[in-house]
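The values are calculated or read from the model by the stated rules, or taken from the named source; none is laboratory data. Only a predicted model underlies this, so the values are computations on that prediction, with no experimental measurement involved. Cβ placement follows ideal geometry from the backbone for every residue including glycine, while neighbour counts extend to all protein chains displayed. Remember, those area values only see protein heavy atoms, side chains included, never the ligands or the DNA or RNA. Shrake-Rupley method; radii C 1.70, N 1.55, O 1.52, S 1.80 Å.
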Amino acid sequence: KQEVTQIPAALSVPEGENLVLNCSFTDSAIYNLQWFRQDPGKGLTSLLLIQSSQREQTSGRLNASLDKSSGRSTLYIAASQPGDSATYLCAVRQSGGANSKLTFGKGITLSVRP
Amino acid sequence: DTGVSQDPRHKITKRGQNVTFRCDPISEHNRLYWYRQTLGQGPEFLTYFQNEAQLEKSRLLSDRFSAERPKGSFSTLEIQRTEQGDSAMYLCASSLGVLHHLKTSTDTQYFGPGTRLTVL
């Protein structure tokens, strides 16, 4: 059974700092990995999706990398801003076929201090 | 593209009552998913439709839960005889399957705002 772990559960940093959020998964035979942002009481916003054949994806100040063999992904946020404060979740999809459910970690709650 | 919508956004009910939630996916998305999220946890998969066919159900989906997607468009999730343990955020997501009308897709799941259920 796939398990996704995100440590630490919470992180507080000063504005402007570059930071790395970690995600690990137990079964490396994944189809893709997706990073989401969730604001309090809201739904999930997709940030980046990395296919199993890819090493990284970039969008603006965000960069996500994937090391499938070691079961790890990182989300890099450059020049953090207070507006980045939210919970960041990673999720893996096991299969490329009809079964496309996602298995999520518990998330990392990020607070960026002005 | 108006995004995934869910209705209602909040529902408060008494234990033992039945509730029904609705999800409208992004138009042309053939896949639709339901997840449940409790406080401090990541979303957990409940069930999944491809068009109108329900292809997978989690063991979390007890007999009190039923989901439908009658015409392959919107979906409903009904909980019968609600219990306090059913209190959670119910999230719906949709995606364009990897091969759809000969288009390729990353099958990214797009989530709605969720329905917050509180069972008293």
Flag if A:VAL92 is open to solvent by less than 40 Å² (accessible area, probe 1.4 Å) and touching a helix residue (DSSP H, G or I) at 6+ places or on another chain (Cβ under 7 Å): no
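Could you pull out every one of the strands (runs of 3 or more DSSP E) wholly within the range B:1-76 that has 3 or more residues that are open to solvent by less than 80 Å² (accessible area, probe 1.4 Å)?
Details: elements: B:5-7, B:10-13, B:19-24, B:31-37, B:44-50, B:53-57, B:65-68.
By residue number, B:19-24, B:31-37, B:44-50, B:53-57, B:65-68.
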Wholly enclosed strands (runs of 3 or more DSSP E) of the range A:14-110 bearing at least 1 residues within 10 Å of the chain's Cα centre (by Cα): A:19-25, A:32-38, A:44-51, A:62-67, A:72-77, A:86-93, A:102-104
Leading residue by the ranking (nearest to the other protein chains (Cβ to nearest Cβ)) among those in the range B:1-53 that are charged (D, E, K, R) and within 20 Å of A:GLY41 (Cα to Cα): B:GLU44
Residues within the range A:10-32 that are at pLDDT 95 or above and within 13 Å of another protein chain (Cβ to nearest Cβ), tallied: 3
Filter result (in contact (Cβ under 8 Å) with a residue 12 or more places away in the chain and either at the interface with chain B (Cβ under 9 Å from one of its Cβ atoms) or within 24 Å of A:PRO82 (Cα to Cα) (or both)) within the range A:41-64: A:LEU44, A:SER46, A:LEU47, A:LEU48, A:LEU49, A:GLN51, A:SER59, A:ARG61, A:LEU62, A:ASN63, A:ALA64
The range A:49-70: number of residues that are open to solvent by less than 10 Å² (accessible area, probe 1.4 Å) and at pLDDT 95 or above: 2
Odd one out for B:ALA93, checked against (1) touching a residue at least 60 places away in the same chain (Cβ under 8 Å); (2) open to solvent by less than 10 Å² (accessible area, probe 1.4 Å); (3) more than 10 Å from chain A (Cβ to nearest Cβ): (3)
